[in-house]
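The values are calculated or read from the model by the stated rules, or taken from the named source; none is laboratory data. All figures in this text were calculated on a predicted structure; none of them were measured in a lab. Don't worry about glycine lacking a Cβ; one is built from the backbone with ideal geometry, like all the others, and counts go over all protein chains shown.
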Amino acid sequence: MQQLKDLIQEAATLASPAPEIEAARMLQICNACRYCEGFCAVFPAMTRRIDFNPVDMHYLANLCHNCGACLHACQYAPPHEFGVNIPRVMAQVRGETYLAFAWPTFMGAAYRNNGVFVALASSLSLIVFLLLTQLLNGTLLTASTTGNFYEVYSHNTLAIVFGIVFLFVIAALGVGLKRFWSSIVPGVVSSAASAEAVHDALTLKYLGGGHGDGCNNEDDHFSLWRRRFHHFTFYGFLLCFAATSVATLYHYLLGLQAPYALTSLPVVLGTLGGIGLLIGPAGLLYLNFMRNAAHGDRSQRPMDRAFIVLLFLISLSGLILLAYRESSSMPILLSIHLGIVMGFFLTIPYGKFGHGFYRLVALLKNSIEKRQKNSMLFGSD
């Protein structure tokens, strides 16, 4: 019986059109209706087109913030025979974007299909490697009275390892974004357009829903919690990045060596960022489990949840490490934290973190389009 169900599901999948084609069909209907024109950036951008090719669809899909407002407002949504569901089809096209522009391609495909497994397997593999390294060096259960991580791994070792990982992430993200940028032919970039795009991204303007009341989650009620948890997550991450940057300046510019006091700027920034990265991911994970299945692509939930879980574990392990950095468990806790951090960074270009950069590019193109003279129609040849 299960084999029969699998065959039916496979046949239905083969019979369904590609996400880009289905999205184009739905937007043709939306372009005729235009009831949702004031909801977000997608619908005004849609009205500047009379047809929708795959390039347009990748652009519009990344411009969509999946707030869900248009689905509940649409008179042609299921069970209507037109079956218009913009949040779901846009999520499907975004998934295609991550795969189409990913580098290396096989990493994108692996993470998309098995996001939780790939992310956690990467982290666990790195943790085991680091623990074995400590065991061989005799530092696995060495008690620390100073909380100095460099007693376990030298500064140069950590700098080289994380430098390699960082360069890989920059290269992978850079190649993907360059491919995406070139494909959508964004036009001439101005300072005004750039400023507006950055503002819209940093404020999460389009997670406010069609009327500024927030997003829809499990039903048609509006809530700002998704936007708030995104802010906790994003700015928590920025604070942690700022803590690392300040610590780097302390080390190389001022000659101040770690460990730093609990009241020092790097530790304060890292602690505040860590708290944000506990609240934000925990809230987003809860909303993800509660969210109406019609609001997105269910097949991408493993990828989404892997990203959220890794961020939460990074923060949790980091705060625990800070609390027990002057104990015999510090070397083990350090390896666990570093393994999770490296696993997270290795998967950045292929998941939900990378989508923020694609969305910024889409917002920039949208800002450019709005400023172009005599711009009634856009699209790629």
### Count - residues of the stretch 286-335 that are under 23 Å from residue 96 (Cα atoms) and part of a helix (DSSP H, G or I)
18
### Query
Would you say residue 246 is at pLDDT 95 or above, out of contact with any helix residue (DSSP H, G or I) (no Cβ under 7 Å at 6 or more places or on another chain) and assigned to a helix (DSSP H, G or I)?
no
### Summary
Residue count, the stretch 167-192, condition of a type in the set (Phe, Trp, Tyr) and out of contact with any Ser or Thr (no Cβ under 8 Å at 6 or more places or on another chain), comes to 2
### Task
Consider only pairs whose beta carbons are under 6 Å apart and that are at least six residues apart or on different chains; among these, list those whose first residue lies in the stretch 140-159 and is within 15 Å of residue 329 (Cβ to Cβ) and not assigned by TED's automatic domain parsing to the domain that holds residue 244 and whose second residue is assigned to a loop (DSSP other than H, G, I, E, B) and modelled with pLDDT under 80.
none
### Query
Taking residue 298, is it among the basic types (Lys, Arg) and either outside the structural domain of residue 356 (by TED's automatic domain parsing) or in contact with a helix residue (DSSP H, G or I) (Cβ under 7 Å, 6 or more places away or on another chain) (or both)?
no
### Task
Would you check if residue 68 is at positive phi and either over 23 Å from the mean Cα position of the chain (by Cα) or hydrophobic (A, V, I, L, M, F, W, C) (or both)?
no
